[in-house]
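Coordinate-derived values only; no laboratory data. Since we're looking at a predicted model, the values are computed, not measured. For neighbour counting, all protein chains shown are included, and Cβ atoms are generated from backbone atoms with ideal geometry for every residue, glycine included.
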């Protein structure tokens, strides 16, 4: 009789080959993950902060304040409003500077605010290099300037961050109770815009984590057709924001055209929200 079965030697070879293949796959995945992490470390700042050429020239309106970790000056623009004690501290998007956002600042000024805006390190006439650490240090310096030099304490200050500007805005918002916080076209975190899950143990401008600790009323404004930061980010941030929390969803609006698309609803919502009245357009989540 023949004794049929698997050759023990062949079985050992097969198991060895399988383990080698598994080891190769694990090493390949580790190398790919390490390469992705290295790429993120080296190029995230370049992608987040493209540093467009300055759109404005030095003028008496542009005041340089110390604020960069390296000692470089931060360019600020202050639009005072006679008879108003309220300040709106505005943090712009990553393709803008004080020159290109001037119309937006004047729109906010028309609502009765003193308006203070600033340029990120490396933007406009600000010195230094942009990055999460330097941008957050700069916004702290801008707030200190508003409080100590311009006379606007946190309880009379509305923080307003557009797009990437929501990052420094929420960084500042968790440090003290402000009059109100407005975030517009904001992402939950920088990496969440690229992939819908946390793929690295660190992130940049983790707004979803910070918004939980804000002690001020929050208004979230977002376009339902935003192709840069999907609308889902806004809904997620709203679910995490403390109460009372308000929102304005602008139907059909993209990333950069919210005031134009919403029209009077945009200014009316901000005015009523910052005056502690019920928001009639959009909604209140409580």
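Quick notes
- Length gained on full extension, residue 264 to residue 213, computed as 0.36 nm times the residue gap minus the Cα-Cα distance: 15.3 nm.
- Kirkwood-based shape ratio for segment 119-168, expressed as Rg/Rh from alpha carbons: 0.99
- In terms of its C-alpha gyration tensor, segment 196-266 comes out oblate, because a/c is 1.5 or above while a/b does not outweigh b/c.
- Each 5 Å bin from 0 upward holds the following percent of the Cα-Cα pairs of segment 44-285: 1, 7, 15, 20, 21, 18, 12, 5, 1, 0, 0.
- Alpha carbon centroid spacing (whole Å) that separates segment 52-73 from segment 103-125: 13 Å
- More than 17 Å apart - percent of Cα-Cα pairs taken over segment 86-192: 49 percent
- Applying 1/(1 + (r/R0)^6) with R0 = 25 Å to the Cβ-Cβ distance of residue 148 and residue 193 gives a FRET efficiency near 0.10.
- Residue 275-residue 59 FRET efficiency (beta carbon distance; Förster radius 22 Å; 0.05 resolution): 0.10
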